[in-house]
Amino acid sequence: MILKNLLFFTAILLLTQSLYAQGCFPNGITFSTQAEVDAFATNFPNCTVFQGDVEIDGDDITNLNALSQITAIAGSLSLFSSDNLTDISGLYNLTTIDGYFGITGLDSLQEITGFNSLTQVGAELFVQNCSSLNKISGFNNLTTLDNTVVIRANPNLQQIFGFASVETVNNSLVIENNVTLSQLSAFNNLSVVTGSLEVVGNVTLGNVNAFDNVMSVGSNLKFTFSDVTDLNIFTNLTTVGNDVAIVGNEFLTNLEGFQNLQTIGGDLFINFNGNLQTIDGFQEITTLSGNLLVKGNPNLTNINSFSNIVSVGGELAVNINDNLSTLAGLNNLETVNGQLFIRSNNTLQSLEGLNNLSLIGGDLNLGDCANLLNVDALNNVMMLGEDLIITSNPLLNNLQGLESITNVNGNLKIEENASLVNFQGLESISEIGGELFIDENGSLQNFQGLENLVTIGDNLWIINNPSLTSFQGMDSLESINGSMNIKNNSSIETIDGLSSLVTLNNSTFQVKANAALNNITGLENITSNTISKIIIEDNPNLSVCNVQSVCEFLQANQSYNLHHIENNAPGCANAVEIAESCGFILGLEEFDFEELSIFPNPTQNLLNISGLDRAEIKIYDFTGKEILITNYEDEPIDISRITKGVYLVSIESNNRKATKKLIKL
């Protein structure tokens, strides 16, 4: 009987040991104190495989030496917020983690070493926010990482070594914002990253010996804000599924490491690399699916490596590269399906290199190029999808090279080109789908080059062109489907070149502050019922306004709200005067009494008027005698010399009148 009982208990013990060996803690376990860690081997001597999650979270824990028996975790392993944990090497026998492996917020941990028995991590592997961590090494038997790897925001991390056997990361690899990281010597056998490969914001990283065998990145490749001088580590890279971003690398001088890259599925950004001198590593790229942006590289002199690119699927922007002297590297480019920006390249004198470009799907935007002399190289551009914008090119004196463009579907904006004298080069344009905006072109004399323009789809703005003397070149313009605004052109005397204009599509007719303008005869053919409002003001020499379009509009629309005419020469001084010269009397409209008031009332010395800026004021006594006549210009009127009594104040402004009672004290 004793023998049978002994055999039974022995069997139970063996079964228990077997169960422990196969797996324990299916619901997981949390270690909160060092005592719990130290007692584990004694309490569970045969527990080597955990079926659930393992969490290590306790400020009392300093080391994990007593956990060395653990070989596998079927769940996840989390080490977090254990502020006094300095040593995690006790996990050196760990071979597999089926879930994630996370090390977060261990502020006393200075080094992560070992884990060379670890062959598998089934989910994410992340090391982040460990304020004292200065070195990561080991992990040399990991061959495949089945999810994202993140090493992020460890402010004192200086070195990353190891991961020598990893060949595939089945998601993203992110090394980010480790601000003192200076050496990255890891992942040397990595060949495939199915997600993104991002080395971002490691601002002191200068020594990189990693990624030499990477051939494919499934999503984004980002290498930004570091101290590297070259990216020769990517010499085997052939494919990037989405974007490539090379941004903010102050000491980077060249991009030769990308000479075998054949495919970029998204955008290519090469921006704000302060010492980048040449772009000479993308010779295998022929088609770019997304945008190509080369921006803010002050020492860049050429972009020769783009010489085989035929098509850009999105936007092409070459902006703020002060020493870029040529676009010759784009000599095979035929199509830009998005916008084309060439802006703020102060050494660029021509657009040579764009000679084969024929289609721009969005805007063509040329601006702020201090030494740009011509746009001749655009002579093959036939299709422009949106706006044509040419602004702030002080040496550009003509637009020859744009002759193949027949329509501008969006706006045409020509602004602040100090040397431009006319619009030669735009002779083929017959229609503008949006606005025509011509502003502050100091040498512009006329509109020669726009002879075939018939229709403007929105507003016309001709403003602040001090040398403009003639509207020659707009002789064919018939329709403006918006407002017409001619303002602050100090040398223009006549508007004869607009004599073909017949419609404004129920919009405003504005002629304002043109110092030399003496007549508006060229506007006589506008059909008056296509005008919604007339503004003619502050043209000191304008004396001839009684043209058919204005006469018919005033006769049909006598309301003050529909015309504002003042401060012009006699003959155009106000709407009443123009109406008289047109052969009819324009009545004065009464002010709405709620619109204005006189104050103070009663008053002794000064009288103010609210609700208007200017008016003619006449004060009568009750016998009808005129006591005072003056002009009110938003300043108090002195009535101190008028004797005490009750008076009537007549107020007239812009063909409107009102009468108010005044008590003088």
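Per-residue surface analysis assigns VAL454 an accessible area of about 50 Å², computed on protein heavy atoms at 1.4 Å probe radius. Label positions at THR455 and SER81, each projected 7 Å from the Cα along the C-beta direction, are separated by 6.7 nm.
Heavy-atom accessible surface of ILE112, to the nearest 10 Å², is about 0 Å², with a 1.4 Å probe and all protein chains retained. Inter-label distance, SER108 to ASN601: 8.5 nm, where each label sits 7 Å from its Cα along the C-beta direction.
At q = 0.17 Å⁻¹ the log10 of I(q)/I(0) for the range 73-116 amounts to -0.48, computed by Debye summation with a single uniform scatterer per C-alpha, solvent ignored. If the segment from ALA556 to THR95 were pulled out straight at 0.36 nm per residue, it would be longer than the present Cα-Cα gap by 156.7 nm. Within the accessible surface of the range 105-227, defined with a 1.4 Å probe on protein heavy atoms only, the carbon and sulfur portion equals 40 percent. Distance between the C-alpha centres of the range 629-652 and the range 313-352: 65 Å, rounded to the whole angstrom. Spatial offset of the range 451-519 relative to the range 80-130 amounts to 73 Å, using the alpha carbon center of each. With the charge dipole of the chain set up from +1 on Lys and Arg Cβ and -1 on Asp and Glu Cβ about the Cα centre, the Cα lying farthest toward the positive end among the listed residues ALA569, LEU359, SER165 is that of SER165. Accessible area of GLU352 (1.4 Å probe, protein heavy atoms only, ligands and nucleic acids ignored): about 80 Å². Figure note: LYS661, LYS135 ranked by solvent-accessible area, largest first, 1.4 Å probe, ligands and nucleic acids not counted: LYS661, LYS135. Here the calculated FRET efficiency for ASN170 and LYS661, from their Cβ-Cβ distance with R0 = 56 Å, stands at 0.05, rounded to the nearest 0.05.
A compact globular protein would have a Cα radius of gyration near 2.2 N^0.38 Å; the ratio found for the chain is 1.52.
Placing +1 on the Cβ of every Lys and Arg and -1 on the Cβ of every Asp and Glu, with no other charges, gives the chain a dipole of roughly 820 debye about its Cα centre.
With every protein chain in place and a 1.4 angstrom probe, the accessible-area ranking of THR113, THR229, largest first, reads THR229, THR113.
Fully extending the segment from ASP230 to THR406 would add 58.8 nm, taking 0.36 nm per residue of separation and subtracting the current Cα-Cα distance.
Does the range 322-460 come out rounded, prolate or oblate, given a ≥ b ≥ c as the square roots of the eigenvalues of its C-alpha gyration tensor, rounded meaning a/c under 1.5 and, failing that, prolate meaning a/b above b/c? Oblate shape, in that a/c is at least 1.5 and b/c is the bigger or equal ratio.
Just tell me, in residue order, which DSSP H segments of the chain are both 15 angstrom or longer along the helix axis (alpha-carbon based) and at least 0.0 in mean Kyte-Doolittle hydropathy. Counting only whole DSSP H runs, the qualifying helices are 2-22. Counting every pair of alpha carbons in the range 385-515, the share spaced more than 20 Å apart comes to 37 percent.
Across the options LEU85, CYS130, VAL199, the greatest Cα extent toward the positive end of the charge dipole of the chain (unit charges at beta carbon of Lys, Arg, Asp, Glu) belongs to LEU85. Computed over protein heavy atoms with a 1.4 Å probe, the accessible surface of the chain works out to 39 Å² per residue. Taken over the C-alpha atoms, the range 395-441 has Rg and Dmax values of 10.6, 28 angstrom. If you wrap the Cα atoms of the range 408-467 in a convex hull and average its projected area over all directions, you get 3.5 nm².
At a 1.4 Å probe, what is the % contribution of carbon and sulfur to the accessible area of the range 399-555? Whole-percent figure for carbon plus sulfur exposure: 37. Tell me whether the range 163-214 comes out rounded, prolate or oblate; compute the Cα gyration tensor, take square roots of the eigenvalues as a ≥ b ≥ c, and use a/c under 1.5 as the rounded threshold. Cα axes put the range 163-214 in the oblate bin. Annotation: cysteines of the chain without a disulfide-compatible partner (Cβ-Cβ under 4.7 angstrom) are CYS130, CYS369.
Once C-alpha pairs closer than 8 Å and six or more residues apart are averaged by separation and normalised to the residue number of the chain, the relative contact order reads 4 percent. Measuring spread by the Cα atoms of the range 12-160 yields a radius of gyration and Dmax of 14.9, 53 Å. If you take the alpha carbon atoms of the range 518-665 and fit the smallest convex hull around them, that volume is 111 Å³ per residue.
Spatial offset of the range 29-73 relative to the range 383-448 amounts to 75 Å, using the alpha carbon center of each. The listed residues THR603, THR659 rank as THR659, THR603 when sorted by accessible area, largest first, using a 1.4 Å probe.
In this structure, the pairs whose alpha-carbon distance is over 23 Å, taken from LYS222/LYS295; LYS618/LYS661; LYS512/LYS533; LYS533/LYS661; LYS625/LYS664, are LYS533/LYS661. Enumerate the lysines that LYS413 could reach by cross-link, defined here as Cα to Cα under 17 Å, with residues fewer than 8 away along the same chain left out. Partners within reach: LYS487.
Its relative contact order, with pairs defined as Cα atoms under 8 Å and 6+ residues apart, puts the range 358-488 at 18 percent. Computing the accessible area with a 1.4 Å probe over protein heavy atoms, can you report the carbon and sulfur percentage for the range 243-358? Reported share for carbon and sulfur atoms: 41 percent. Within the range 254-311, the proportion of Cα pairs with more than 13 Å between them is 59 percent. Remark: spin-label model distance LYS135-THR301 equals 4.2 nm, labels positioned 7 Å along the Cα→Cβ axis.
The values are calculated or read from the model by the stated rules, or taken from the named source; none is laboratory data. From a predicted model like this one, the values you see are computed outputs, not experimental measurements. Cβ atoms come from the backbone with ideal geometry, glycine included; neighbour counts cover every protein chain shown. Just so you know, the surface numbers come from the protein's heavy atoms only, side chains and all, with ligands and any DNA or RNA stripped out. Shrake-Rupley method; radii C 1.70, N 1.55, O 1.52, S 1.80 Å.
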